[in-house]
Amino acid sequence: MQKYLEGLNEQQMAAVLHINGPLMIVAGAGSGKTKVLTSRIAHLINSGIDAFNILALTFTNKAAAEMKERVEKALGNTEARNLYIGTFHSVFARLLRADADKLGYPNNFTIYDTDDAKSVIKGIVKDMNLDDKHYKASYIYNRISAAKNALVGYGAYKQDTHIQQEDSRSNRPRMGDIYEAYAKRCFRNGAMDFDDLLFNMYVLLTHFPEALAKYQGRFQYVLIDEYQDTNVAQYEIIKMLGARHENICVVGDDAQSIYSFRGATVQNILQFQTDYDDATVIKLEQNYRSTRTILEVANTVIGNNKNQIPKKLWTGNKDGDKIILARTATDNDEGRFVADAIKEQMMRNHYANGDFAVLYRTNAQSRSFEESLRRLNIPYKLVGGTSFYQRKEIKDYLAYLRIVVNPQDEENIKRIINYPTRGIGKTTIDRITIRANELNTTFWEVIANPEIDGLRSGATDAFVLMINSFRTMLQKQNAYDVAFAVGKQTGLVADLYNDKSVEGVARYENVQELLNSIKEFTETPDEEGELLEKSLGSYLQQITLLTDADQENAEDANAVRLMTIHAAKGLEFPCVFSVGLEENLFPSAMSMYDRNDLEEERRLFYVAVTRAKERLWITYANSRYRFGSLVQNEPSRFIQEIPAAYLDASYTGVAARGPIGGNVRGGSMFANEPGKFDKMPSLKKLADKLSAPAPAAHTPSADFAPDDISGIEIGMQVEHQKFGFGKVMTLEGGTQNRIASIDFGTHGVKKIMLNFAKLRIVK
């Protein structure tokens, strides 16, 4: 038996050994789908199929890299390096660069991220003299994105009566014009956004038969991971690529289809057998992740959905603890309960910080958990916060690098043409933009051509000369050498270095980290086999197509993760808190009146439950502030769908208001451990505290001015504008998140994040 076949169960083995013809692998949560996919690819190659003829598409670069590494290890040779494995966007970007000329794009086209795209839209709204408060860039971007993912170009958009009526009802009748202007602006700039990588791949295959024939011939075996998350564009492209050989294998779980807001449709996986009437269907139902109790809860709840592929997860793991159901009085109490439970589990069962995840329906729910974790000094990572690559100093640096690769990129030129300051003001930039529009050419062409008179200056000439000097380096030097020269000669790195504030030092450190990442890129052995693999253009494409799941670092693994359930898909944790289980929050109020929407909310809860390996908590609050008002809540219907036998509902923080599906009984929040958490302030103490006079407001000293506090030390006397004079008692954390405990006397001891503090050091 081949090594890659060892340890497979009967269903996994059948999926791996299947070679020809359409195959759907229905992979339940925690059923080892990655192992099956990689073993199947290894078996295809071992059976004599050329790795160059295999295409595997995923949704994260991390998953793609793991698959390639596993295949290489399973085969014991380097043949896996010849595979086309990657995300839809990265693979299609690679193919589009090879055929860009057919579509009228340069092969070094820029890829706009979401912020870049919104910046273009803002400029168009301004040019059209529209109200930017009504025509918001985020709304327009999402509208255009949805259209592209449904394969609706701007021409079809403007001709569709139903779409036009929708825009008129929303009082945005110019949406079609904005879409058209946006598409033409991106084309003129030699740029594609993320959605264009799908849309233009579809255009390439449908409008150029020779391209379709080429890729159908090359990709004789097509494998798709997370098929339930595909949208219309991805579905159509996959069908075209696999049409000649029909050796198409899709792996997914309809019960985890939760991205309809991104255009994904669960119908793609549900109708696979209709699309391919000779398809083989194999269900992976053995779960290797969770306890029996967790799986029984997941199976029972998802069983209430009508639109699904029937399956029942089972496991050989132990029964495990009951699921803890906790009811609290308020959302702040919910935060405290979760933080206390994490602290308790770490002390009692020796879990590490990284073993915990707090999963919520919306990002806005994170506040109470952040505050409570900070109170107990428990490190946490807020997943979905500002990405490293979205920070201003990084965006500025990357803007320079992007225009070195593609000087037609107007958005990035405008971003840095006067940073650091070189005497090119807004008036000049506006005049150049107007002239470019008049001539139907690019911003770069206007400033780079001597024959276009009246707008160039010594400053713009110097800028053009500088960029052209960097461009001459592209063919001779690697990404790091070019990037280093850009940072030095533009003055950008020096500008950041000269800012000695705490924030300035952090920004300087960030650009050094960017250079480190480019250096690592140039020195890491390549597996792609392309000629320009270490070029600046290759680096820029790689980082632009990073997904959130690809950007976690080693430090994050030692912190409690706070994230939406959508962000948690594909992850697993020993201990999971699924919080905010209240009607109108989870399920969302917007899903209440449509069965398909409600079933997606139930699938979302199923995803939350199946992230847990050993222990699961479900919490909800009787009241929480929403949109500025205190709202009284009813427990989620999903709680009512859980059989009472699997619940420990003794953790209720308020008197019971009656049974919840017969599952909840009254009692103390910590009734299973009398006395352990009973050191709560009495009502009299609480009343005394609330009625005590507030400390007198501090009037800042006449010479008050915030100091550079990078050198602050324990014992120093400081002044705060609000709390007055205090003494630094403790310091903790690293450079980026240093926290000081300061005793301000009548105002008490305050924990202050020094990155944001405005303190005067008392001499």
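The values are calculated or read from the model by the stated rules, or taken from the named source; none is laboratory data. Everything numeric in this text was worked out from a predicted model, so none of it was measured. Backbone-built Cβ (ideal geometry, glycine too); neighbour counts: all protein chains shown. With ligands, DNA and RNA removed, areas are computed over all heavy atoms of the protein, side chains included. Shrake-Rupley method; radii C 1.70, N 1.55, O 1.52, S 1.80 Å.
What does the net charge come to around N418 if you take all other residues with beta carbon closer than 14 Å to its beta carbon, with K and R at +1 and D and E at -1? Once all neighbours under 14 Å are counted, the net charge is +2. Taking every DSSP bridge with both residues inside the chain, close to 30 percent are antiparallel. A simple spin-label model places pseudo-atoms 7 Å from Cα toward Cβ; at K727 and F261 they are separated by 5.0 nm. Of all complete DSSP H helices in the chain, not one has a Cα span along the helix axis of 27 Å or greater and a mean Kyte-Doolittle hydropathy of 1.6 or more.
In terms of its Cα atoms, the range 71-188 spans 61, 27, 26 Å along the principal axes, sorted from long to short. Ordering M346, Y215, N406 by the projection of their Cα atoms onto the charge dipole of the chain, which places +1 on the Cβ of Lys and Arg and -1 on the Cβ of Asp and Glu, puts M346 at the extreme positive end. Excluding ligands, DNA and RNA, the accessible surface per residue across the chain is 45 Å² with a 1.4 Å probe. Sorted from longest to shortest, the spans of the Cα atoms of the range 413-508 along the three principal axes equal 44, 34, 21 Å. With the full set of protein chains in place, find how many percent of the accessible area of the chain is carbon and sulfur; take the probe as 1.4 Å. Here carbon and sulfur together make up 50 percent of the probe-accessible area.
Looking at the range 1-104, the GluC sites (Glu not before Pro) that sit in a DSSP loop and have at most 10 other Cβ atoms within 10 Å of their own Cβ are E6. In the chain, excluding the sites themselves, the longest stretch lacking any of the chymotrypsin sites (Phe, Trp or Tyr not before Pro) that are in a DSSP loop with at most 16 other Cβ atoms within 10 Å is 289-592.
With all projection directions averaged, the alpha carbon convex hull of the range 387-451 covers 4.9 nm².
Rounded to the nearest whole angstrom, the semi-axes of the ellipsoid equivalent to the chain, taken from the Cα gyration tensor as √(5λ), stand at 43, 40, 26, largest first.
The slack between M590 and N468, meaning 0.36 nm per residue of separation minus the straight C-alpha distance, is 38.7 nm. Each residue of the range 156-219 gets 118 Å³ once the volume of the Cα convex hull is shared out per residue.
Simple point charges give the picture: +1 on the Cβ of Lys and Arg, -1 on the Cβ of Asp and Glu, and for the chain a dipole about the Cα centre of about 1680 debye.
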